[in-house]
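First comes the structure, then the notes that go with it.
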Amino acid sequence: MSKTYRIAVIPGDGTGPEVVAEGLKSLKAAAAIEGFNLELSTYDLGGDRYLKTGEILPPGVLDELRGFHSILLGAIGHPDVKPGILEKGLLLEMRFQLDQYINLRPVVLYPGVETPLKDKGPADIDFVVVRENTEGLYTGGGGFLRKGTPHEVAIQESINTRMGVERCIRFAFDLCRRRNKGKKLTLCGKTNVLTFAFDLWERVFYEVAKAYPDIETDYAHVDATSMWMIKNPEWFDVIVTDNLFGDIITDIGAIIQGGLGIAAGGNINPAGVSMFEPIGGSAPKYTGQNMINPLACIGAVQLMLDHLGEVSAAGRIENALKKIVANDVRNLAAGKMGRSTSDMGDLAVGYIQSQG
Ligand code: IPM
Ligand code: MN
């Protein structure tokens with residue numbers, strides 16, 4: 001009996017449905033060749049549903065999501081919904097409630113892709129950011145005092161638990177060992193100012209490091225990390241950091257690897273259900289134009305297959321991505337590819353099918 005994967009699909013907002021459609025084409029093509037089955041269940045969640053019914057994450061959906069092998073997410077964010085409502089009510093709620101405590105964001109420049117970095121190429125841009133995904137400034141801790149008055153106070157707290165920091169750091173060390181590149185793990189923090197939060201991070205980092213004598217450890221402040229990702233990206237192998245710093249530096253990562261058209265990430269719960277997504281967002285102005293680049297979503301499918309242990313299927317998809325950027329497109333930005341969204345998806349399927 002061949003294996004069957006139950007996958008929840010959340011196309012979401014804006015261009016999410018368009019890129020997810022292409023991601024699924026690649027997923028199905030890889031499954032057919034590698035001989036596993038898929039059971040896909042689509043969930044209508046996002047801004048349109050919220051505007052129509054007021055529902056964001058209806059009761060019961062989270063429990064259903066827990067029963068899948070994996071989740072593929074398109075994008076969350078709607079121009080007619082106040083910022084924060086869908087992001088917190090849906091995207092962050094899923095990350096938190098499903099305890100997807102790692103946000104894994106590879107930064108890889110494939111040959112043929114233009115990077116804005118002068119004199120840097122694929123040999124220089126190949127690292128992974130391990131972003132803590134359930135704590136920090138994202139937890140919603142804090143509040144207002146005297147809101148709307150001249151004496152207003154706004155407090156936003158960064159929550160860092162020993163458990164949360166430690167499991168994230170351990171994941172990063174394990175990943176660094178498996179990657180077997182430079183075997184170097186860099187902690188990105190701000191120990192010179194955030195003397196509580198990053199005191200904890202730093203202590204845990206060096207304590208956990210004792211169990212990984214084969215891994216070189218390094219520390220960089222987040223401002224310096226941002227500079228070096230541009231000046232010397234080749235210095236990095238694996239970077240581990242908190243939620244907000246990880247959010248910010250992975251946008252730098254995305255742009256140096258060719259842009260949001262190709263950047264993918266995974267929200268990982270190593271013991272539960274994980275969720276994979278293109279990191280670019282809903283790009284409302286391109287919605288329905290068949291112009292958005294689906295490679296990031298196809299890359300998200302690759303990360304999903306890799307996570308599910310379908311390494312050969314994941315490899316097929318990665319090779320297809322590499323072939324497309326080497327042979328068929330130079331510029332990966334929406335509208336500049338010289339190809340439509342669906343053409344890109346078809347190209348991927350062709351390459352997936354034509355490999356040995
Ligand atoms: C991301 C996004 C989200 C984040 C937003 C949409 C809440 O920017 O996945 O990087 O900040 O985590
Ligand atoms: Mn972000």
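Using a Gaussian network model of the chain with C-alpha springs under 10 Å, which one of A326, A211, A30 is most mobile by mean-square fluctuation?
Judging by the Gaussian network model, the answer is A211.
Please list, or write none, the aspartates and glutamates whose alpha carbon is within less than 17 Å of the alpha carbon of K285, excluding same-chain residues fewer than 8 places away.
Within the straight-line limit of under 17 Å, K285 reaches these aspartates and glutamates: D13, E18, D48, D80.
Around V240, which amide H atoms from residues at least 5 apart in sequence, or from another chain, sit under 5 Å from its own amide H, with H modelled in the peptide plane?
The list, which skips near neighbours in sequence, is V130, T186, L187, C188.
May I ask which of K88/K210; K88/K323; K183/K336; K82/K147; K3/K210 have a Cα-Cα span longer than 29 Å here?
As for pairs spanning more than 29 Å Cα to Cα, those are K88/K210; K88/K323; K183/K336; K3/K210.
Applying the Karplus parametrisation 6.51 cos²θ - 1.76 cosθ + 1.60 with θ = phi - 60° to the phi angles of the stretch 39-51, what ³J(HN,Hα) value in whole Hz is obtained for each residue in order, glycine and proline being reported as x?
Here the 3J(HN,Hα) series is 10, 9, 10, 8, 10, 8, 10, x, x, 4, 5, 4, 5 Hz.
With a bin width of 10 angstrom, please list the P(r) values of the stretch 115-257 as percents of all Cα-Cα pairs, from the 0 bin to the one holding the largest distance.
That works out to 12, 39, 31, 13, 5, 1, in percent per bin.
Distance between the C-alpha centers of the stretch 36-82 and the stretch 238-306? Whole Å please.
Cα centroid to Cα centroid, the span is 17 Å.
Can you list the HN-Hα couplings for the stretch 69-76, worked out from phi with the Karplus curve (6.51, -1.76, 1.60; θ = phi - 60°), rounded to whole Hz and with x for Gly and Pro?
With coefficients 6.51, -1.76 and 1.60, one gets 6, 6, 10, 10, 10, x, 7, 10 Hz.
From the helices alone, meaning DSSP H stretches of at least four residues, give me the mean residue ellipticity at 222 nm for the chain, per-run term -39500 (n - 2.57), in deg cm²/dmol to the nearest 500.
-11500 deg cm²/dmol
Just in the stretch 143-209: which trypsin sites (Lys or Arg not before Pro) are loop by DSSP and have at most 13 other Cβ atoms within 10 Å?
Answer in residue order: R146, K147, K181.
Can you work out the FRET efficiency for the pair R177 and N290, with r the C-beta to C-beta distance and R0 = 35 Å, to the nearest 0.05?
The value I calculate is 0.25.
Can you give the accessible area of T287, probe radius 1.4 Å, in Å² rounded to 10?
60
Which whole-Hz couplings ³J(HN,Hα) result when phi for each residue of the stretch 95-106 is put into the Karplus expression 6.51 cos²θ - 1.76 cosθ + 1.60, θ = phi - 60°, listed in order with x for Gly and Pro?
4, 6, 5, 8, 6, 7, 7, 10, 10, 9, 10, x
Could you tell me the relative contact order of the chain? Use alpha-carbon pairs under 8 Å, at least six residues apart, and round to a whole percent.
Details: 745 pairs, mean separation 87.4, N = 356.
Dividing the mean separation by the residue count of the chain yields 25 percent.
Kindly report, to the nearest 10 Å², the accessible surface of F96 as traced by a 1.4 Å probe over protein heavy atoms only.
Spelled out: F96, probe radius 1.4 Å, area about 50 Å².
What figure in square angstrom, to the nearest 10, would you give for the accessible area of C297 with a 1.4 Å probe?
0
The values are calculated or read from the model by the stated rules, or taken from the named source; none is laboratory data. All values reported here derive from a predicted model rather than from experimental measurement. Every residue, glycine among them, receives a Cβ derived from its backbone with ideal geometry; neighbour counts consider all protein chains shown. Side chains are part of the model used for accessible areas, which takes the heavy atoms of the whole protein and leaves out ligands, DNA and RNA. Shrake-Rupley method; radii C 1.70, N 1.55, O 1.52, S 1.80 Å.
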